[in-house]
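Have a look at the structure below before the remarks.
The values are calculated or read from the model by the stated rules, or taken from the named source; none is laboratory data. What you are looking at is a predicted structure, and each value in this text was computed from that prediction instead of being measured. Don't worry about glycine lacking a Cβ; one is built from the backbone with ideal geometry, like all the others, and counts go over all protein chains shown. Accessible surface areas use protein heavy atoms only, side chains included; no ligands, DNA or RNA. Shrake-Rupley method; radii C 1.70, N 1.55, O 1.52, S 1.80 Å.
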Amino acid sequence: MTVRLYLPRDAAARSMGADRVARTIEETARARKLDLQLVRTGSRGLLWLEPLLEVETPQGRVGYGPVSADNVASLLTDAVLKGGAHPLCIGLVEQHPYFASQQRLTFARVGVIDPLSLQQYQAHGGYQGLQQALKMSPADIVQAVTDSGLRGRGGAAFPTGIKWKTVLDQKATPKYITCNADEGDSGTFADRMLMEGDPLCLIEGMTIAALAVGATQGYVYVRIEYPDAIRTLREAIGIARTAGFLGPSIQGSGKAFELEVRCGAGAYICGEETSMLESLEGKRGEVRVRPPLPAIEGLFGKPTVVNNVISLASVPVILAKGAAHYRDFGLGRSRGTLPFQLAGNIRHGGLVERAFGMTLRELLYDYGGGSASGRPIRAVQVGGPLGAYFPESLFDTVVDYEAFAGVGGMLGHGGIVAFDDTVDLAQMARYALEFCAIESCGKCTPCRIGSTRGTEVIDRIMRNENRERNLGLLQDLCETMLQGSLCGLGGMTPIPVQSALQHFPEDFMRTRS
Ligand SMILES: Cc1cc2nc3c(=O)[nH]c(=O)nc-3n(C[C@H](O)[C@H](O)[C@H](O)COP(=O)(O)O)c2cc1C
Ligand code: SF4
């Protein structure tokens, strides 16, 4: 009987040698005349175990990892091919503590199916959401998304249903669906994992969005640093089109929707929605003054939905299982699940999809296992390079949008970067300003000039030149950037700086040469 093996084709697994492992498995199977089928999947998100090889057994898939090509000979034995013991065995993957307690709604298929198999996609619930949507009126689809409580997962957490309603209400045509897959935040990789592991889910979500607002053309804006995601998405779009899930008449409905992938060069500011639209139009990525909102005058001046990958990929399950099912996860105004991404100095880095409501400490220790270095975790930055630095005393903060805002932070795209007690928060504050100086689009003065002056002020503080006066100046500068910047890059760069000053003032008192 054919034994089925699964190995990720995700870029994280490939970077750890998954392709070599795959080749060695095939060569060894040929040499030993083994009846094997190797399925390449997305990643389960247990990144420290990549490449994670899984063997299908009647009880479920048994995992072995991290596997190197040198391990293959000892893995392709009768015992292991039945899920038996091996030093790399982690047992049944779905019973692994890191995985078993997750609530996978958006990532339900990632790591499970071949991302380019329409048959497997549909066998695991794929396209049920679209089938539902095809039976509904545009207003009912928008209402379902509103009722689900879904808020944008790209950073600003704006209610997705309200955004869609604005686009639906516009008379101008054509309308566009744009997917923001720039994923520029430090420590984030959920968009990439979804696009590589379940691209049809994103395509389905965008198609439902198109039906909801009456759009006929969509674009996925992906940064060029994601070649695997770009390739996988393009292939998946071809598969969906061939099967009639994209094109002039989606599933014979008479409603048209076309989709293309567009590559960005990888500037952080091109993740800001209006810069992304400029870039999609072939122009320099520079922020537009709002109003008008993109929902009213967006791409090429037409009504445009701009949503993050995870926002759009959460839509199929909302339509398939109902708004109430999705809304039942989470708490307060933070409904559903968020794929948290654990990165930085953390022992078990990876992706954890859970409902809102757990604490930062649970994520860092129950899932992350503490720091990779074994030293105490001193600070975490949540929400990308513009997020606050949290000290240990805030690790019991509940992970939801409002609770985070209440302690001066933001959840953003769910990236959590851990630092141990060797971190220098004055240097990190300087880095935030330097990052802003490098990535600023240059349109407004507080950000363009303020970020550069800010790094100079921190340099003076660290050299103990007029320290007290320069600390005051730094606070002033942060206020000016907060109040006077045109967009979130200049407007939020003060957050990491001010949180470092507030929670780690001692680091600004140490003199460096
Ligand atoms: C400087 C800056 C960078 C951003 N980068 C991203 C990004 O990489 N991906 C993303 O989805 N949103 C990013 N955003 C947020 C977008 O402007 C926008 O709010 C989002 O794409 C809307 O989608 P959502 O409602 O689904 O979250 C960024 C915002 C700012 C200010
Ligand atoms: S804040 Fe910075 S990135 Fe944003 S518009 Fe102004 S100069 Fe450009």
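Once the mean 1/r over all distinct Cα pairs of the chain is inverted, what Kirkwood radius in angstroms do you read off? Don't skip to the answer; put the middle values down first.
On the way: mean 1/r = 0.0419 Å⁻¹.
The answer is 23.9 Å.
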* Do you know the relative contact order of the range 3-100, to the nearest whole percent, from alpha carbon pairs under 8 angstrom that are 6+ apart? -> 30 percent
* Structure fact -> extent check for the range 330-420: Cα max minus min per principal axis, descending, whole Å, gives 36, 23, 21
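Average the reciprocal distances over every distinct pair of alpha-carbons in the range 248-374, invert the result, and give the Kirkwood radius in Å.
The answer is 18.1 Å.
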* Excluding residues on the same chain fewer than 8 positions from residue 33, give the lysines whose Cα lies under 30 Å from its Cα. => 82
* Asked: To the nearest 10 Å², what's residue 235's accessible area with a 1.4 Å probe?
  -> 100 Å²
* Just how much of residue 321 is accessible, in Å², when a 1.4 Å probe is used and the result is rounded to the nearest 10? -> 130 Å²
* Shape of the range 369-513, Cα gyration tensor, a/c cut at 1.5 -> oblate
* Structure fact -> Taking the chain and counting helices only, DSSP H stretches of n ≥ 4 at -39,500 (n - 2.57) each over all residues, the nearest-500 ellipticity at 222 nm comes to -11000 deg cm²/dmol
* Cα-Cα over 27 Å, subset of 171/321; 165/443; 165/321; 163/255 -> 171/321; 165/443
* Asked: Amide H of residue 379: which non-local residues (sequence gap of 5 or more, or other chain) have their own amide H closer than 5 Å, using H built in the peptide plane?
  -> 419
* Sort 157-167, 6-16, 222-232 for me by packing, meaning the mean count of neighbouring Cβ atoms within 10 Å per residue, highest on top. => 6-16, 157-167, 222-232
* Sticking to Cα atoms, compute the Rg of the range 425-508 to one decimal and its Dmax as the biggest Cα-Cα distance, whole number, in Å. => 11.5, 35
* To do: Would you work out what percent of the accessible area of the range 130-266, with all protein chains in place, is carbon or sulfur (probe 1.4 Å)?
  => 55 percent
* Protein accessible area in the range 3-100, 1.4 Å probe - carbon and sulfur % -> 51 percent
* Structure fact -> Using alpha carbon centers only, the range 219-240 is separated from the range 141-211 by a whole-angstrom value of 16 Å
* Asked: Can you give the % of DSSP beta bridges in the range 6-80 that are antiparallel, to the nearest 5?
  -> 65 percent
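Return one whole number: the accessible area per residue of the chain in Å², for a 1.4 Å probe.
Values: 19530 Å² over 513 residues.
The answer is 38 Å² per residue.
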* **Anchor residue 283: aspartates and glutamates whose Cα lies under 17 Å away (excluding residues fewer than 8 positions away in-chain)** => 182, 272, 273, 297, 439
* To do: Give me the percent of the accessible area of the range 385-438 that comes from carbon and sulfur atoms, probe 1.4 Å, all protein chains in place.
  => 57 percent
* To do: Report, in whole Å, the centroid distance computed from the Cα atoms of the range 305-361 and the range 73-97.
  => 30 Å
